[in-house]
Ligand code: NI
């Protein structure tokens, strides 16, 4: 997920690598990610690379699907100084009420566009941490929105799926044009 206003930070850790972020309408963004069963050094490296890629973009959330790794892993950091990285593995969301909330969302895979999306307001998330240990949270506000946005990516879903097909097609055409110009 992308914030409308962001602060760019310089990270200089040589052990990390920036990953390529797939952009809408790339069909690989539609793949459903598989549960993670192995918690090893490679998984730690992937989560660190994803955080680095997210900070560099800059964004506040990134799903493995967006870097063409189809495993159920998301990273998030909504702190102002990028000091509170969160890693969720095999996340599952349970709505805790019927309340809905509107939020203007953006996405690193849909660069340059923000649209209002309606989602459940109150949720619980159950997930595993990088060591495979289970934890749960009851996030609110931006964190609750961001977790739902990122979990959608693992199911091949994008925030533009919630808006009108007219708007979605317009964004699709503009991004396809930009991709052609870049190529
Ligand atoms: Ni996104």
Worksheet entry | region 86-162 versus region 32-61: alpha-carbon centroid distance in Å | 16 Å
Practice prompt. Give me the Debye-computed log₁₀ of I(q)/I(0) at q = 0.15, 0.16, 0.19 Å⁻¹ for the chain, equal point scatterers on Cα only, no solvent, two decimals.
Written response: -0.87, -1.00, -1.41
Fill in: region 98-183: radius of gyration over Cα atoms, expressed as a fraction of 2.2 N^0.38 Å
1.30
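Considering Cα pairs under 8 angstrom that are at least six residues apart, work out the relative contact order of the chain and quote it in whole percent.
24 percent
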Worksheet item: Of all the C-alpha pairs in region 42-140, what % are more than 24 Å from each other?
Response: 25 percent
Item to complete: Would you please put 36-47, 119-130, 67-78 in order of how densely packed they are, using the mean number of other Cβ atoms within 10 angstrom per residue and starting with the highest?
Response: 67-78, 119-130, 36-47
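The numbers here are math on the coordinates, done by the rules we state, and not lab data. Remember, it's a predicted structure, so these values are computed and weren't measured experimentally. Because the Cβ atoms are built from the backbone with ideal geometry, glycine has one as well, and the counts that use them run over all protein chains shown.
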